[in-house]
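Read the structure below first, then the notes.
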Amino acid sequence: MIFGFNTDVKHGDTIYHVQSEAREAEHLLQTQVFVRGRCVGKRARPYGASSDSGDTQKEQQLREQHRLVLDAIREGKLELALDRGEPETLATVKELEVQWLNSDSVISESNLTMQLRVTEGGNAAPGARLTFRFARPGSAPFYTQTVADSVGSAEIKIEVDESGLPDASLLVQANYEGRTATRKFVLRKSE
């Protein structure tokens, strides 16, 4: 069973995106914290082999870990909730990253065009499957999928009116060799 949590939380002028997931391939419960799409820290803890009754327990442990990080952000004490390089835990994490390559110019001819690159530990992730969820207030979400090419790159185009971008968001989930990474991008009308 794959499950996870995504929450945006604001502290001061900074919006943090907190993403927690069970990384089945590494037997880890991992929480990552992002600011403006960049990972600023993580907390991970190993768990034993999966069992039918263990999924409920893993989900509860992950929920508690997610809440702990959210509370630390709200209290201005994020650094206390993050891992400080425990080698036995962090060494097992092969980081799956989703990079947005053209964030400065995404609207062209009534199309939202996103160019992305998926990497694992800094190396290309060819064949990674990307699932997109485009959401705007007052509209049903739009879903689409694509597969990364031999260098881990992928592109999507969604027909959209630029005036509809305020408060729109795009959730991208990459799946590669049993690992997942989810990124949330907030879209705004250009000025």
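The values are calculated or read from the model by the stated rules, or taken from the named source; none is laboratory data. Model, not experiment: these values are computed from the prediction. Note that we place each Cβ from the backbone using ideal geometry, even for glycine, and neighbour counts take in every protein chain shown.
Descriptive notes on the structure:
- Residues of region 115-124 satisfying the condition of being out of contact with any Lys or Arg (no Cβ under 8 Å at 6 or more places or on another chain) and either assigned to a strand (DSSP E or B) or of a type in the set (S, T, N, Q) (or both): GLN115, LEU116, ARG117, VAL118, THR119, ASN123
- Residue list for region 130-161, restricted to those being within 13 Å of GLN173 (Cα to Cα), of a type outside the set (Ser, Thr, Tyr) and surrounded by fewer than 16 Cβ atoms within 10 Å (Cβ to Cβ): ARG133, GLN145, VAL147
Condition check ((1) modelled with pLDDT of 80 or more; (2) of a type in the set (D, E, K, R); (3) in the same structural domain as VAL9 (by TED's automatic domain parsing); (4) closer than 25 Å to GLN30 by Cα) across all residues:
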residue	(1), (2), (3), (4)
ASP104	no, yes, no, no
SER108	no, no, no, no
THR119	yes, no, no, yes
VAL151	yes, no, no, no
ALA154	yes, no, no, no
GLY164	no, no, no, no
ALA168	no, no, no, no
VAL172	yes, no, no, yes
ARG179	no, yes, no, yes
